[in-house]
Amino acid sequence: MAFEGLTQRLQDTMAKLRRKPKVTEADLKETMRDIRLALLEADVNFKVVKDFVKQVRTRAAGADVLKGLNPAQQIVKIVNEELTKMMGEEAVALNKSDKIPTIIMMAGLQGAGKTTTAGKLALKLKNEQNARPMFIAADIYRPAAIDQLEQVAQSIEVPVFQLGTDVDPVEIVRQGLQQARDQHNDYVIIDTAGRLQIDEKLMDELVQIKTLASPDEILLVVDAMTGQNAVETAEGFNEKLDITGVVLTKLDGDTRGGAALSIRAVTGKPIKFVGQGEKMDDLDVFHPDRMASRILG
Ligand code: GDP
C-alpha cells in the first residue's frame with residue numbers, strides 16, 4: 001500500500017504526543033523532528049519538507065496550541081491542512097477548449113504509464129461526458145507502442161489515427177488533428193514517445209508537437225514508484241514544455257509517496273489524476289484533502 005510507512009510514522013508520532021499528560025515546548029520540538037524525518041524517509045523533497053515543517057511550527061506557535069485543550073488534536077489538524085496545501089489544496093479539472101476538439105498531449109518517460117493513462121482518460125471522458133475522443137499515435141520509435149495503443153483503444157472502443165512508424169511524428173499529429181476536425185471528435189489525445197530518460201532530441205520533438213498542436217492540456221505522466229526521480233522528471237519536462245498537469249501512476253503500488261507530496265510544490269503544476277491500477281477504470285481525480293487524510297490514516 002502506498003504511504004504505508006509514512007502513515008505509520010505519523011500515527012506513531014501523534015500517538016506519542018497524545019499520551020503526554022501535558023505537552024511541553026520540548027515535546028513539540030520532538031514532534032516536529034519526527035514529522036520531518038517521516039517525510040524525508042517517505043522521499044519527500046528536502047526543501048519541501050523544510051518549508052512544511054516551518055509552516056507547521058509557525059502555525060502551532062501562532063495558535064498557542066500548548067495552551068489549548070487538546071494540543072495533539074490541534075497539531076494533527078494543522079498537519080492535515082498543511083499536507084493538503086502542499087499538494088495543491090483543491091482538485092484541478094482537466095482543461096477544456098471552447099471549441100472542439102479539446103487537445104490533450106500526453107508526455108512522460110517510457111514505462112511511466114502514458115499509453116495506459118491515455119486509455120483510462122479516454123474512457124473517463126466517454127463515461128462521464130459522453131465524449132467522442134480520438135487518439136493520435138505519435139510514438140514511432142518503439143515498434144510495439146502503436147500496437148499497444150491500438151489494443152487499449154480497441155478495448156474501450158476509441159478510434160486511433162496512425163500512419164505507422166515511417167512518418168515524422170509532427171506530420172502524424174498534423175494529419176490526425178485534421179481528421180479529428182473533419183470527424184467532429186470532441187477530444188484528441190496525443191500519445192507521444194517516451195524515452196528511458198529525458199534527452200534533448202525527445203524534448204525537441206515534444207516542443208515541435210506542442211507548437212503545432214497548441215494543446216489545451218499537456219499531461220505529464222510520472223511513475224509514483226520512482227520517488228525523487230519522478231519529481232526530477234516533472235521538473236525537467238515542465239521546464240521545456242510548460243506542462244499543465246501531472247498524472248501520478250502506480251499509486252496502488254508500494255510507493256513511499258514522496259512524489260505525490262512534492263510535485264506540486266516543486267513544479268507549481270497540479271496533479272490532476274492518479275492511476276491506481278492497471279485496469280482501464282483505475283484513474284481517479286486527485287483530491288489533495290482526501291489524500292492528506294489518507295496519509296494521516
Ligand atoms: P508508457 O511506456 O509510458 O506508455 O507506459 P505503459 O502505459 O505501457 O505502462 C507501463 C506499465 O505500467 C504497464 O504494465 C501498465 O499496465 C502499468 N501501469 C500503468 N499505470 C499503472 C497504475 O496506475 N498502476 C499499476 N499498478 N500499473 C500501471
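Nothing in this text is a laboratory measurement; each read-out follows from the coordinates by a stated rule. Note that the structure is a prediction, hence the values are computed from the model and not measured. Backbone-built Cβ (ideal geometry, glycine too); neighbour counts: all protein chains shown.
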If a residue has to be closer than 20 Å to Ile218 by Cα, basic (Lys, Arg) and within 16 Å of the ligand (Cβ to nearest atom) to count, how many in region 234-272 make the cut? 2
Looking only at region 120-137, count how many residues are more than 12 Å from the ligand (Cβ to nearest atom) and not in a strand (DSSP E or B). 11
Among the residues of region 75-96, are any within 13 Å of the ligand (Cβ to nearest atom) and either of a type in the set (Phe, Trp, Tyr) or within 14 Å of the chain's Cα centre (by Cα) (or both)? no
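So which helices (runs of 4 or more DSSP H) are wholly in region 1-119 and hold at least 1 residues that are touching a residue at least 24 places away in the same chain (Cβ under 8 Å) and closer than 30 Å to Val207 by Cα? It would help to see each step written out before you state the result.
Numbers: elements: 4-19, 25-41, 46-62, 71-86.
Once the helices (runs of 4 or more DSSP H) in region 1-119 are filtered for at least 1 residues that are touching a residue at least 24 places away in the same chain (Cβ under 8 Å) and closer than 30 Å to Val207 by Cα, what remains is 46-62, 71-86.
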Filter result (touching a residue at least 60 places away in the same chain (Cβ under 8 Å) and either of a type outside the set (S, T, N, Q) or surrounded by fewer than 24 Cβ atoms within 10 Å (Cβ to Cβ) (or both)) within region 234-254: Phe237, Leu241, Ile243, Thr244, Gly245, Val247, Lys250, Leu251, Asp252, Gly253, Asp254
